[in-house]
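Data block below; observations after.
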Amino acid sequence: MLPFMTTWEFFQVVMIMRAMYEMQERGEEARAINLSRSTTIPLLMLEERLKELLANKAIEQRGNGYVLAPEFFNSEFMLRGFRMRRLIIKTAPEGMEESDEGS
């Protein structure tokens, strides 16, 4: 998604997006301060991640809060990644059965 990020930065982004999703599901506004509390990411660092997500159009700012951008998650790039991961998950049990037979 954001190839210039370190693993730790990407992990933070995933935590932020998950918290945003959960807040949206509950009908809460995902403000920076609420996201910081929810994820335990310091506010200044969280605001940097939000800027990166905004720049990559993964989220949108609405008033004082943020929401996930459906266009980003429905892009061909993201859908191709979801399809690839689904295929890996679908075929993983077959590979596991083969390795069990060899033991």
Could you go through the range 41-49 in sequence order and give the Karplus-derived ³J(HN,Hα) for each residue, using 6.51 cos²θ - 1.76 cosθ + 1.60 with θ = phi - 60°, rounded to whole Hz, and x for Gly and Pro? 7, x, 3, 4, 5, 4, 4, 5, 5
Fully extended, how many nm does the chain gain between Arg37 and Lys51 (0.36 nm per residue separation, minus their Cα-Cα distance)? 3.3 nm
For Ile59, other-chain or 5+-apart residues with amide H closer than 5 Å (H placed, Pro excluded) are Leu54, Ala69
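We did not get these values from a lab; they are worked out from the coordinates using the rules stated. Model, not experiment: these values are computed from the prediction.
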